[in-house]
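Data block below; observations after.
The values are calculated or read from the model by the stated rules, or taken from the named source; none is laboratory data. Source: prediction; values computed, not measured. Note: ideal-geometry Cβ built from the backbone for every residue, glycine included; neighbour counts use all protein chains shown.
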């Protein structure tokens, strides 16, 4: 149903059109579609999709501004954290390897709320610093999950679909539509795959470098990416902590992102069910009466669209009221319609 | 602006109305408003708001079904967790107090990903069980934060506003509108207050019962509600663990909910800015042309509403196309409008 929808015209039935042949309507449809208002939320996505096909190689050359900002925030946070905890390194007790590496490792274990406890603050100052860093770190991780991570996954998504369909003879338009319809599913699949890879790589690393047995390694991996971090198993060698710095950050963010996508997919499915119900239930005369806003006994296309979208919960009474306020201000001659002369009058006064 | 909007009529300008006096329009407004389609998402909220004023005392008597379901899930999860970890209690090492209490405490420390490490699994079986419980626990906490917690906060919200305005002579309609407009702000304020209370209560408890000094107690509280849980300070007494069972669960969920509300408020503010921009920018002749879907040279109220809502990103081309498909199916005589005879014909065939 969603697939067919994308091919269909905007308000092809038109408002006052009374006697028009199908061919006339079809001709008009092309025009109307190209002239319709841009959908604010979709604009950036559509631009990305269309553009990324010819130049997938340059993905990391022109990154989204919010992604860049997040990367800068993260770099600053980690830099400041590592510096501060390096300065108070004598007030942190536990298994130590290298001064600045331990400080960075401690910052990451704190910000991701893994909190193994293999390094713990041992003075009031260090404890209060840890409190400050865990709250700000949580907020930063939240920002990354809600903005930057989704952007990166979306960038990769199209590559995946392209690769999956390489051997099939499907045009890029079909790929785009396929991606648009199942966006969340693809993103979920991508993030789930990445998480599996991170779990496997982490387990292998812990077995080979930290000399844990396989179950202990897997347990440490799960305990880390979920941010549980009992701390009975953690990264105690220098090599382990260098690996951990990258792996913990990626792993915890990936799992959080996975949960976000599951929630999104869930919402989408319920929303689609509601839309389907609204569109397939029988239209009664009572509906017609309620949708007939101008009380002329018939329901125009635009009236019908507003009625149904409201029933789907996509728009609210307040949304409509706000726009109607502007409409009334612009409709200087109170004719119930806007014309060029209305606009000229309204904006000159 | 939002306040005024709520008073305004639905499509009061009406579609084809050409010569109507203001009084006629005003009379119609009352009618149209009451007959408009229900807004699916808002229905439960509106019902709650209207109903909870006369019977605030019965808030916990008729709870929302999804809240009840979450409470049952949580009870089952905690019951099963406590039972299983009680059965494998000999495979868990660390500071112990009472068999079943420790098992419940361990379940909660695991599901919230606090993971102090004061109790750790000590066999392969116990470790794998902990892995299973931390993943399912995270999912459950996510469900609670996304569904049940918000519901409880919303229930309390109106009580707060009522209490705050008790001494002012404002009718319940004004209170309702005030709440509706600043919903997220009130919820944020409520959850933030609750979090402060939980932090203070937790700190006092740790000082008096677990005999920690104030900074250590505060540090343990922060380390717990953020789910950091280094484990150098935790609940080691029987009384402490009974308190912890309730406090950890409430504290971690409250902080997570606070972050959710901050994100929501952020989105709302940006959305409102976009709406304001769309409504205040000058309407040009190009806009009129693009909004004029039936190409009759003028823009009707419904056309204008659809054009603006699309520009705000509230509805997409696909939303409109889907409804238009149904419209075309119902419009049997291709007149561009729906009448009772269309419906009869379309549904009998």
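Looking across the range B:119-133, the residues that are more than 21 Å from residue B:220 (Cα to Cα) and not in a loop (DSSP other than H, G, I, E, B) come down to B:121, B:124, B:125, B:126, B:127, B:128, B:129, B:130, B:131, B:132, B:133.
Within the range B:235-248, the set of residues being more than 14 Å from chain A (Cβ to nearest Cβ) and touching a residue at least 12 places away in the same chain (Cβ under 8 Å) comprises B:235, B:236, B:237, B:238, B:239, B:240, B:241, B:242, B:243, B:244, B:245, B:247.
Have a look at A:258, A:279 and point out the one that is in contact with a helix residue (DSSP H, G or I) (Cβ under 7 Å, 6 or more places away or on another chain) and more than 9 Å from chain B (Cβ to nearest Cβ).
Numbers: A:279 fails: more than 9 Å from chain B (Cβ to nearest Cβ).
Within the list A:258, A:279, the selection yields A:258.
Residue check: residue B:232 meets all listed conditions (1) out of contact with any helix residue (DSSP H, G or I) (no Cβ under 8 Å at 6 or more places or on another chain); (2) surrounded by fewer than 16 Cβ atoms within 10 Å (Cβ to Cβ); (3) free of Cβ contacts under 8 Å to residues at least 40 places away in the same chain; (4) within 13 Å of chain A (Cβ to nearest Cβ) but one, namely (2).
Tallying residues that are free of Cβ contacts under 8 Å to residues at least 40 places away in the same chain, more than 13 Å from every other protein chain (Cβ to nearest Cβ) and in contact with a strand residue (DSSP E or B) (Cβ under 8 Å, 6 or more places away or on another chain) within the range A:84-102 yields 1. Report whether or not residue A:330 is touching a helix residue (DSSP H, G or I) at 6+ places or on another chain (Cβ under 8 Å) and either more than 7 Å from every other protein chain (Cβ to nearest Cβ) or surrounded by fewer than 21 Cβ atoms within 10 Å (Cβ to Cβ) (or both). Yes. For the range B:282-304, a tally of residues being more than 8 Å from every other protein chain (Cβ to nearest Cβ) and either out of contact with any helix residue (DSSP H, G or I) (no Cβ under 8 Å at 6 or more places or on another chain) or farther than 22 Å from residue A:337 by Cα (or both) returns 1.
Taking residues in the range B:249-278 that are on the phi > 0 side of the Ramachandran plot, and partners anywhere that are at pLDDT below 95 and in a helix (DSSP H, G or I), not one pair has Cβ atoms closer than 7 Å while being at least 6 places apart or on different chains. On inspection, residue B:107 does not qualify as under 24 Å from the mean Cα position of the chain (by Cα) and surrounded by 23 or more Cβ atoms within 10 Å (Cβ to Cβ). Taken together, A:142, A:81, A:115 contain a single residue that is within 30 Å of the chain's Cα centre (by Cα) and away from chain B (no Cβ under 13 Å), which is A:81.
Among residues that are more than 7 Å from chain A (Cβ to nearest Cβ) and out of contact with any helix residue (DSSP H, G or I) (no Cβ under 6 Å at 6 or more places or on another chain), residue B:267 is included. The single condition among (1) modelled with pLDDT of 85 or more; (2) surrounded by fewer than 19 Cβ atoms within 10 Å (Cβ to Cβ) that residue A:312 does not satisfy is (2).
Quick grid of which residues meet (1) assigned to a helix (DSSP H, G or I); (2) surrounded by fewer than 20 Cβ atoms within 10 Å (Cβ to Cβ); (3) at pLDDT below 95:
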residue	(1), (2), (3)
A:62	no, yes, yes
A:77	yes, yes, no
A:97	no, yes, yes
A:100	yes, yes, yes
A:114	no, no, yes
A:117	no, no, yes
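Got at least one residue in the range A:279-289 being surrounded by 14 or more Cβ atoms within 10 Å (Cβ to Cβ) and under 13 Å from the mean Cα position of the chain (by Cα)? Among the residues of the range A:279-289, not one is surrounded by 14 or more Cβ atoms within 10 Å (Cβ to Cβ) and under 13 Å from the mean Cα position of the chain (by Cα), which makes the answer no.
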